[in-house]
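S.K.: The structure that follows is given in the form of structure tokens.
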Amino acid sequence: MKKRGIILFCILFMMFSLLPVHADMGPKSNISINVECDEETYYMALLTPYEQYGPHHSNPQNCEGISCRFYEQAQLDGFYLIHDIETLSGNDTYSWTYMSPDIFKIILYLPDSDQFILSETYEKYAFQNTYRLIVDEENASLQLIEDYDYSSLIVTFLVCFSMTLLIELFIAFLFNYRDKKDFMFIVKTNLFTQILLHVYLQFMVYKYDFFSVLFYYLFAETAVLVIESFLYWKNLKKKSHPLLYAFIANSCSFLLGSYLLKTILYLIHY
């Protein structure tokens, strides 16, 4: 049984090691704003208190047309225009996808009424920031609402928990853990550890960059391995090699989780 488990682990390790790794996976904090506006065409940008932020910088000397008026409005308020002005229509989305600033103001230009609307100052609340912006043209005001998609966290947990459970139950079967009692204990243990794991990781994703999450994920999976090893050793000691089972099962689920995490990050960035 020990030899069969080690062989399975080696096969899965090689399989996941050969999966493609996508380049450019570094941290990319962004801001996405879903705008609710009745104007057929309008212009929007974010202003910052920084004259330069990462690769972005203010360049009023080379402005043309409407961009010159945006620079003028920004300077009147002591802020800077360092990013592109986007042309939007009706209910549309404004995005700053690379190195978005921590502090910003929203500025809109409505060509039909030839007026600028400037918001108050905001700070990012997370690493991936999603907002809903309500434009009140009559009162020339903007209402910005945090709109983080928490529902996706539930879907992510269910998918990852299901995949992890299938892997660990399959390996349990190979280790001859085939009693209903053993299976139910493994299910309950995984439910407990996966809830802890995902609460921890989702908090890290919410507050920090995805690059850091890879480190946090390794740390969290190590903690899960320790917890499950102890629980299996205490409750499956009459079975063969409970500690070896815990190591192989968690190693395989960790490799799968790493691949899923890389895939999710790739889809989010691109």
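S.K.: Out of curiosity, is Tyr80 modelled with pLDDT of 95 or more, buried (at least 17 other Cβ atoms within 10 Å of the Cβ), touching an Asp or Glu at 6+ places or on another chain (Cβ under 8 Å) and more than 30 Å from Gln202 (Cα to Cα)?
M.R.: So Tyr80 does not fit the description; no.
S.K.: Can we say Ser89 is surrounded by 15 or more Cβ atoms within 10 Å (Cβ to Cβ) and of a type in the set (S, T, N, Q)?
M.R.: no
S.K.: Could I ask something else about it? Just checking, does the stretch 140-158 include any residue being of a type in the set (Gly, Ala, Ser), closer than 27 Å to Tyr94 by Cβ and surrounded by 14 or more Cβ atoms within 10 Å (Cβ to Cβ)?
M.R.: There is at least one residue in the stretch 140-158 that is of a type in the set (Gly, Ala, Ser), closer than 27 Å to Tyr94 by Cβ and surrounded by 14 or more Cβ atoms within 10 Å (Cβ to Cβ).
The values are calculated or read from the model by the stated rules, or taken from the named source; none is laboratory data. Treat the numbers as computed from the prediction; the structure is a model and nothing was measured. Quick reminder, even Gly has a Cβ in these numbers, built from the backbone with ideal geometry, and neighbours come from all protein chains shown.
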